[in-house]
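Undergrad: Can you read through this structure? Questions will come right after.
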Amino acid sequence: MSATLELSLPTAAPVAAPAPSRSYWRVVGRQLRRDPMALAAGLVLLLIIGAAVFAPWLAPADPYKASMIKRLLPIGSPGFLLGTDELGRDMLSRLMHGGRLSLLMGVVPVLAAFGIGTAIGLFAGYVGGRLNMVIIRVLDVFYAFPSVLLAVAISGALGPGMSNSLIALTLVFVPQVVRVAESVTTQVRQLDYIEAARMSGASAFSIIRVHVLGNVLGPVFVYATGLLSVSMILASGLSFLGLGVKPPEPEWGLMLNTLRSAIYVNPWIAALPGALIFVTSIAFNLLADSVRSAMDIRR
Amino acid sequence: MNSALHTPSPVHDRGGPAQPLLVVRDLKKHFPVRSGPLERTKKFVHAVDGVSFSVPKGKTLGIVGESGCGKSTTARLIARLMQADSGSMVFDGEGVDEFGGIRLKEFRRNLQMVFQDSFASLNPRLTIAETIAYGPRVHGMPAAEARRQAHDLLARVGLAPAQFGSRYPHDLSRAASASGSTSPGPWPSTRAW
């Protein structure tokens, strides 16, 4: 027996079909499509958003057209599928049109806060040290107030109006997003692969862009989706208090306020805008939960 | 190597084999311990306290010691991931980042660190090929060229590029991720000895 010892590197394994390019978001998407809860919530949201976006074409009646003789018709009246409000306007049309403003006021502040908050949080977390402490302590002052109180206070100080309440809501959410972005960045910053990137001679900007941002965006995104429902409810609250949208503009929170007087006459009609706010924010919440677990596949 | 075109000012092999590759003199690093209500610095931990050594070209130096005695801190100080309190360092006859010496970026092109945990030193959001190509990209190599070299490197360590190049760290084996994390050193053959 000859005792030859052969050493070799494993030669390129039999070339299997090239692995399908699996981008991270594609994997997350597939995970979401398998989740019945995500599908249901997504479908509900799609319906509500679709109805709101295409309201001018889909709505059966003019949402502003009042009629004194057709006030507070019950649900299912001929010609008025969901009845009429206290001024005889078609509820279905008003709810569809109201969704436009309500959804806008739910989504825009969160998007703005997501952008601003992530930038501040990344900067604070990556720089670290004293500057980070100063930034976080200053934002903690905002953080200490309950968000409803803060939203009402800022909105009240700026004066009523839709753009002012959008600004107020953005200011409410920015500190919360910064908090999350900062803590994730601080965590990521001390990981070995950041050190390895520094070792390769990369600039701070390149490290943040390539190595930090990609790993911070995920958790911040999940947190921001959770804020969508809060934002919707706060926006409705501001309108209810007369700080947001003004009548006769249809908006769910404002409709809830004006229909308050009809609650003993026709409680079902009065409850409709509230039910829509409830369903929409629950759907946003469930979807956020599913996104969170779908994005957990790595690590 | 075929990358002469993209090699920014090569560092010369000065002095030949007689010149030590790395000379470290009296390296010191003390970490302050803050305590008390005003966070005043009272004590220092002497992590690295006057370390001197030199490494000749072609030789390997092993530093042994119990855990927490400052081995990794020494490595970090040499790699300039951390600033030393005092001490000097000469790399192939040149100071690093000082007047007349080589720049830090150039220095890092010539010195690499192999991390203990090969998995943790890979960005979970980048494919193996992207991670390997990142180093050369930082030093100005065009994307396509860096990608090609990354694939070459993968093939050289026995990982078929078509199969492994687009994988993420979490679906590689330990051994494979070790080869991945060792390769980021840009231009593996900048200096030949």
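Undergrad: Looking only at the range A:237-262, which residues are of a type in the set (Gly, Ala, Ser), open to solvent by 10 Å² or more (accessible area, probe 1.4 Å) and in a helix (DSSP H, G or I)?
TA: Scanning the range A:237-262 gives A:GLY237, A:SER261.
Undergrad: If B:GLY140 meets every condition in (1) modelled with pLDDT of 85 or more; (2) among the small types (Gly, Ala, Ser); (3) open to solvent by 30 Å² or more (accessible area, probe 1.4 Å) apart from one, which number is that one?
TA: Only one criterion in (1) modelled with pLDDT of 85 or more; (2) among the small types (Gly, Ala, Ser); (3) open to solvent by 30 Å² or more (accessible area, probe 1.4 Å) is unmet by B:GLY140, namely (1).
Undergrad: Looking at the range A:263-299, which of the residues that are open to solvent by less than 70 Å² (accessible area, probe 1.4 Å) and over 22 Å from the mean Cα position of the chain (by Cα) is farthest from the other protein chains (Cβ to nearest Cβ)?
TA: Of everything passing the filter in the range A:263-299, A:ASN266 is farthest from the other protein chains (Cβ to nearest Cβ).
Undergrad: Here is a follow-up. Looking at B:PRO161, B:PRO169, B:PRO184 in this structure, which one is under 22 Å from B:GLU106 (Cα atoms) and either open to solvent by 20 Å² or more (accessible area, probe 1.4 Å) or modelled with pLDDT under 80 (or both)?
TA: Working: B:PRO161 fails: under 22 Å from B:GLU106 (Cα atoms); B:PRO169 fails: under 22 Å from B:GLU106 (Cα atoms).
When all the criteria are applied, what remains is B:PRO184.
Undergrad: Let me ask another. Can you name every residue in the range A:58-92 that is outside any loop (DSSP other than H, G, I, E, B), of a type in the set (D, E, K, R) and either surrounded by 21 or more Cβ atoms within 10 Å (Cβ to Cβ) or touching a helix residue (DSSP H, G or I) at 6+ places or on another chain (Cβ under 7 Å) (or both)?
TA: A:ASP90
Undergrad: Restricting attention to the range A:167-204, report how many residues are out of contact with any helix residue (DSSP H, G or I) (no Cβ under 8 Å at 6 or more places or on another chain) and either closer than 22 Å to A:TYR143 by Cβ or more than 11 Å from chain B (Cβ to nearest Cβ) (or both).
TA: 1
Undergrad: If you don't mind, another one. Determine the pairs where a residue that is farther than 12 Å from A:SER102 by Cα, located within the range A:267-283, has a partner that is modelled with pLDDT of 85 or more with Cβ atoms under 7 Å apart, the partner being 6 or more residues away or on another chain.
TA: Qualifying pairs under 7 Å: A:LEU272/A:LEU95; A:VAL279/A:VAL44; A:ALA283/A:ALA41; A:ALA283/A:VAL44; A:ALA283/A:LEU45.
Undergrad: Filter the range B:111-125 down to residues that are more than 7 Å from chain A (Cβ to nearest Cβ) and open to solvent by 60 Å² or more (accessible area, probe 1.4 Å) and give me whichever is nearest to A:VAL212 (Cα to Cα).
TA: Checking each candidate, the answer is B:PHE119.
Undergrad: If you check A:LEU95 against the conditions, is it open to solvent by 60 Å² or more (accessible area, probe 1.4 Å), assigned to a helix (DSSP H, G or I) and aliphatic (A, V, I, L, M)?
TA: no
Undergrad: Output the residues belonging to the range A:183-226 that are open to solvent by 50 Å² or more (accessible area, probe 1.4 Å) and outside any helix (DSSP H, G or I).
TA: If the condition is that a residue be open to solvent by 50 Å² or more (accessible area, probe 1.4 Å) and outside any helix (DSSP H, G or I), then A:GLN190, A:LEU191, A:SER203 are the ones that fit.
The values are calculated or read from the model by the stated rules, or taken from the named source; none is laboratory data. Everything numeric in this text was worked out from a predicted model, so none of it was measured. Virtual Cβ from ideal backbone geometry, glycine too; neighbours counted across all protein chains shown. Only protein heavy atoms, including side chains, enter the accessible area calculation; ligands, DNA and RNA are left aside. Shrake-Rupley method; radii C 1.70, N 1.55, O 1.52, S 1.80 Å.
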